[in-house]
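Structure record follows, encoded as structure tokens.
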Amino acid sequence: MKSKLESIPCDGLKAKFISVANEEIANYLQLNPVRDDSGSFRSKCISKVYEFTVKIARHIDANITASSLNSIQSKFPKNPEVEPIYRDLLRLLLVEIEKETGIRAPNIGENVYIEQEVPQLTPDIFLNSQLANNIYETIESASSLHSYLDSPHHHAGFLVLWLCLKEGIDQQKTITDLLCRPESRTLISGHWFFSAGKKRYWLSTQAELLLHRWYESNDRRRLLLSTVVNTYLVNCGLLPRHTKLSFIELRQMLKLEYVMTRNAMEYGLAARKIDSTFLAEHVMTRLLSDVRVNVQRQKEPTLATTVRQTRSWDSAFSSSYRQLRPDTDDVCIMQQTTEEQITVISRITNVLIRTNRKNSIRIRQKLLTELHPKLHNPSATKKMPWAWLLLSWLYHLLKNGGKNKSTLRLDTIKAYVDYVAMPFIVEFSGCNPNLMDSLDWAEKLNDVIERISSVTKKAYVAYFAEYLVESALVPNLCLSDIDVPAAQHNVDANVITQHEADRIIEALNASQHSKASLGKIIFLLAFYTGLRRNEIAGLQFKDVYHYNDRNHTLHVRPNRYRLLKSKESSRNIPIDVLIPKDLLEVFMEYLFTAKTKFMAEDTSIFPHFEQSDIEEAFSFLTNVLKGVTGDESIRFHHCRHSFCNWMVVQLYYNELTNKEDIAFLNHHYFSEQRSHELNQRLGITRYSRKKFWAIATLLGHASPATTAASYFHLSDFLRRNLFANHVASEASLRRVWGQRISTDPFGRVTPKANFSQRLLRTMPTQSAVALHTEVFDIQTLEKPKSRKPEDDLSLELCWRVIRRSAEGHSSNSISKALELSLNTVQLIIETEAHLTERLLSNSKYQARSSLNYENLNQPNISVLGVLIRRYTESEVKLKKAVQLPMLYSCIESFIGAKDSLIRTDNKDMALTLLRFLKLMEVGFFEIKVKWYMANISVTDAKELTPYLAHVDYWIKAIVKNVELPKDSIQLVVPKQLERFKQQFEDRATTVCSDDGRFIRYNSPGTISIHFKQTKFHSDQRKSPETLPSMPRRTKAFVSFLRLVKTYWTVKEEKSE
């Protein structure tokens, strides 16, 4: 029988839902704030959701249909601000319905709102296009220019029109300030800059000439720009006398010209329609002069917490602190639930209300007194760690204020903490602070940001993260990994030039620091590919892809080493057109040397470095960046900023002018050929307007707006070079300065004695940035590269040297990579080669060099690694219990049989080796010993007496002294003596074989030592019926003994 649709039973449901909804709606409004948040608005939302659901929802077989849920959502307001509140309330109601009736509901859908962009050019802009054309023709004509130069005061409208339409200055106040306040200009390396609020203009040499005449001849009274412009246009016959042209219409003419001749993206950057941050004055000085600056980092108010609070957090969650101060309390303190921690925060922030100064001081002092003991109690810290961090931040805000204000309003503090609290605690709940590294913190904080819908409130998470870093609660967290929209916080704009990059690489090459070579690889990836810090640290060998040994691509994708900030962060980077050829070879050589035999493709490209080593390399590299540039404000993340800006320059390179005369462009990295290759590889045509989209993709951004807002800092250069690149003609220069003049490549007059004073009177204020006179010396950085003391030479290091040598690495590269002296590396390699010559000296076979590395397979290398670790763990015990010199002769005891069997009649050496192997306690190996009876003719059993005595000797020595079980001994009797087998069988397991019939017998006989592996990697693929596998010898054991002998010999020679 077919089930039918039924409505939702609602007995008693409404009262329960309204009660729960009134409690929860405040939380929903925190995550999705609305402008009209009132009691009536909340009641309306709750009642409408209930009304729509009860009226429309239908279920079949106790399951609400998806179509009825869609119908309910279609009734919700189509307002992106309000609709999420309705959707959250619907989810809550569905939960209540399931509790009361058992009727379940599918997941409800999400609505995505796509706002249509406002077009840059609209029909009304084109209405004045003919007038705009006439105005442009007028101000571009030589006669109009000469008229202005002869009489600037009577042709002021010409200057205003030029500054607006040709220089792109689209604000009346900005032009007025430029005309009336010449001191607002700055001179940087001969170029004129003018700043107005968040905008900065790099003026053309034509504008410089026009302004010089204006300052020279005008009394600098404030002008009514519209009046001046209209008067000029009427005098030129372009406007009727009674028609007025507004400045807004001039701005529309500029927009039309800019968008039609360039593109909308460039206009948006120039007009600040798209957010962008300019480089500071000292950075522009570096770029234009290519000289080290002397800039100290500005001291800002610190956000440090109190010493006792830091100690409370450390004692609860710092492993190093617990090692110093062991916890004597064995009681396990359970972490409070998410709801309990949120309740703690809400109870305290609810008293933060906007009130008069007297009440504000009282509330502030009361809360500080209440919070003080809680924040100093380690037990409370363990009980509510995430609430504790928020309360610590709250305590700091109450006591010290923010970075810019020493005192914050109580309602401001409440907003900061409340907006961060819920998503922060929800996201971090269940996490263990002990197990989280800096990248985990960054990823989680980015998830917190995603949970906050309000764009303006997302910046609160950045404020909180900054507090965590500066208070040393999460010291290694990199703020650059926090993904906050740039419009909501100050972007730290800085870049490194290509010239400086060369000097950084030279400094790293010359450095003796232990992490200099690692820092160089990190710098190449950051500066030339724009990778983030965690993206570099998480790279795997398989991320570098080669096509026909020509197109090299770097795949950035999430893996077991790190996650990514967003799905857009997964991307492919064409490193063959981004990294210079010589440096690309360095990177490829590094990958070749780092990836050893049988190393998996999904291994990190830094397999021989710990996380602490990588962190140290990042820190050292940052110090090098500061030293080379002289700028103490520079950070590692500015390598990524640099990549963005130089990619823009590279893509636009063929359109730029004065490339040889601008210092930061005059570098071999920029060329028409490289620009063509990059555009071609990215699929960008000559007239494409998608250049910023391509760069956003390379950086892993969702849109160019993010790229421009946070990373692109050369918008004033782009406007100056592509739109406002107006060079003063020689005719106009002679009209002002006379006939005998000379000019620089920018069309700027060179000062001469007859007019230098006149020129200086109108020059801008020279930039006051201090410059370094001396060249940066890498040796000034602390912690020079330290060679490992000879006592620190380990068996593992000895193995890594021989392994790398076997793979073709030079002694120099091994020395740098492993931080060993060149002499030590060469001694290890030479000693191993010498011992190889002595190996198998009694055999017709020849031993293979480098510990037989060429013939070792992956399981062999894994077993060898286990043996090395077991030796390292037992080395002290072995030195005390075993006479190691006795083992030296074991090398001569190898025979050329399969796996180089050990066979000897030297009883002392044999017993020492057996004792050595026993003490190593390798779990998946067994030790077997074979004794070989002499191949002689025996007629009477009495003739066996001395041989049986030898057997007794070996059994006693092996069982009693070495402590091996008796069944580990086997006696091998020639077949011609098979009738006497029982004589030997009475003592130990005996086999009749002619294996040793050619062995010369020396008292007390010859034994062979078998070190057999009992468990194998292939066992995982075998059925239980076929297990256990047959024990067998392994090449790894012989290589291990050769390695140990090499290690001991090197240690002895160095001690002598």
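Observations on the structure shown:
- Taken over segment 211-245, the criterion of being more than 54 Å from the chain's Cα centre (by Cα), under 19 Å from THR138 (Cα atoms) and either part of a helix (DSSP H, G or I) or not assigned by TED's automatic domain parsing to the domain that holds THR174 (or both) is satisfied by THR227, VAL228, ASN230, THR231, TYR232, LEU233, VAL234, ASN235.
- For segment 968-990, a residue qualifies if it is touching a residue at least 40 places away in the same chain (Cβ under 8 Å) and farther than 26 Å from ARG915 by Cα, and the qualifying residues are PRO974, GLN976, LEU977, PHE980, GLN983.
- Residue in segment 266-299 that is farthest from the chain's Cα centre (by Cα), counting only those that are polar (S, T, N, Q) and surrounded by fewer than 17 Cβ atoms within 10 Å (Cβ to Cβ): ASN294
So that you can scan it fast, the table gives a plain yes or no per residue for (1) loosely packed, with under 15 Cβ neighbours inside 10 Å; (2) over 60 Å from the mean Cα position of the chain (by Cα):
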| site | (1), (2) |
| --- | --- |
| SER937 | yes, yes |
| THR945 | yes, yes |
| HIS950 | no, yes |
| VAL973 | no, yes |
| ASP995 | yes, yes |
| ILE1009 | no, no |
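- Listing of helices (runs of 4 or more DSSP H) fully contained in segment 648-715 that carry 2 or more residues being among the basic types (Lys, Arg): 672-682
Yes or no, residue by residue, for (1) in a loop (DSSP other than H, G, I, E, B); (2) modelled with pLDDT of 90 or more; (3) within 30 Å of SER850 (Cβ to Cβ):
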| residue | (1), (2), (3) |
| --- | --- |
| ALA949 | no, yes, no |
| LEU971 | no, yes, no |
| PHE980 | no, no, no |
| SER1003 | yes, no, no |
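- Cross-chain or 6+ apart pairs with Cβ under 7 Å, segment 449-465 first and surrounded by 22 or more Cβ atoms within 10 Å (Cβ to Cβ), then outside any helix (DSSP H, G or I) and acidic (Asp, Glu): ILE449/ASP483
- When ILE46 is tested against the conditions (1) among the β-branched types (Val, Ile, Thr); (2) closer than 25 Å to ILE452 by Cβ; (3) surrounded by fewer than 18 Cβ atoms within 10 Å (Cβ to Cβ), the lone failure is (3).
- Residue in segment 903-917 that is free of Cβ contacts under 8 Å to residues at least 24 places away in the same chain and surrounded by 17 or more Cβ atoms within 10 Å (Cβ to Cβ) present: yes
- When each of ASP744, ASP716 is tested for being over 20 Å from LEU163 (Cα atoms) and either touching a Phe, Trp or Tyr at 6+ places or on another chain (Cβ under 6 Å) or modelled with pLDDT under 90 (or both), the lone residue that passes is ASP744.
- Elements of type helices (runs of 4 or more DSSP H) in segment 771-883, at least 3 residues being at pLDDT 85 or above and buried (at least 16 other Cβ atoms within 10 Å of the Cβ): 795-806, 822-838, 858-881
- For the condition surrounded by fewer than 18 Cβ atoms within 10 Å (Cβ to Cβ), within 16 Å of THR553 (Cα to Cα) and of a type in the set (Asp, Glu), GLU610 does not qualify.
- Every listed requirement among (1) surrounded by fewer than 18 Cβ atoms within 10 Å (Cβ to Cβ); (2) of a type outside the set (Val, Ile, Thr); (3) within 24 Å of SER184 (Cβ to Cβ) is met by ALA753 save one, (3).
- Residue in segment 370-387 that is of a type in the set (A, V, I, L, M), outside any helix (DSSP H, G or I) and in the same structural domain as ALA421 (by TED's automatic domain parsing) present: yes
- The one condition from (1) assigned to a loop (DSSP other than H, G, I, E, B); (2) in contact (Cβ under 8 Å) with a residue 12 or more places away in the chain that THR939 does not meet is (2).
- Any hit, segment 271-284, residues being closer than 30 Å to TYR467 by Cβ, touching a strand residue (DSSP E or B) at 6+ places or on another chain (Cβ under 8 Å) and of a type in the set (A, V, I, L, M, F, W, C): yes
- The residues of segment 212-271 that are over 30 Å from LEU733 (Cβ atoms) and of a type in the set (Asp, Glu) amount to a single one, GLU249.
- In summary, ILE248 fulfils each of the numbered conditions (1) in a helix (DSSP H, G or I); (2) out of contact with any Gly (no Cβ under 7 Å at 6 or more places or on another chain); (3) within 22 Å of SER141 (Cβ to Cβ) with the single exception of condition (3).
Yes or no, residue by residue, for (1) surrounded by fewer than 15 Cβ atoms within 10 Å (Cβ to Cβ); (2) modelled with pLDDT of 85 or more; (3) in contact with a helix residue (DSSP H, G or I) (Cβ under 9 Å, 6 or more places away or on another chain):
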{"site": "GLU506", "(1), (2), (3)": "yes, yes, yes"}
{"site": "ALA510", "(1), (2), (3)": "yes, yes, yes"}
{"site": "LEU525", "(1), (2), (3)": "no, yes, yes"}
{"site": "PHE541", "(1), (2), (3)": "no, yes, yes"}
{"site": "VAL544", "(1), (2), (3)": "no, yes, yes"}
{"site": "ASP549", "(1), (2), (3)": "yes, no, no"}
{"site": "ASN559", "(1), (2), (3)": "no, no, yes"}
{"site": "SER569", "(1), (2), (3)": "no, no, yes"}
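- Cβ-Cβ under 8 Å pairs, at least 6 apart or on other chains, segment 1009-1020 side at negative phi and assigned by TED's automatic domain parsing to the domain that holds PHE1037, far side surrounded by fewer than 15 Cβ atoms within 10 Å (Cβ to Cβ) and of a type in the set (Lys, Arg): LYS1012/ARG1032; GLN1013/ARG1032
- Selection of segment 469-504 for residues being within 26 Å of GLU616 (Cβ to Cβ), part of a helix (DSSP H, G or I) and at pLDDT 85 or above yields GLU500, ALA501, ASP502, ARG503, ILE504.
- Residue match in segment 425-432 (condition: surrounded by fewer than 22 Cβ atoms within 10 Å (Cβ to Cβ), under 19 Å from LEU394 (Cα atoms) and among the aliphatic types (A, V, I, L, M)): yes
- Identity of the residue in segment 623-662, basic (Lys, Arg) and at pLDDT below 90, that ends up farthest from ILE778 (Cα to Cα): LYS659
The values are calculated or read from the model by the stated rules, or taken from the named source; none is laboratory data. It should be emphasised that the depicted structure is a prediction, and the values quoted were computed from it without experimental measurement. Please note: Cβ atoms are built from the backbone with ideal geometry, for glycine as well, and neighbour counts cover all protein chains shown.
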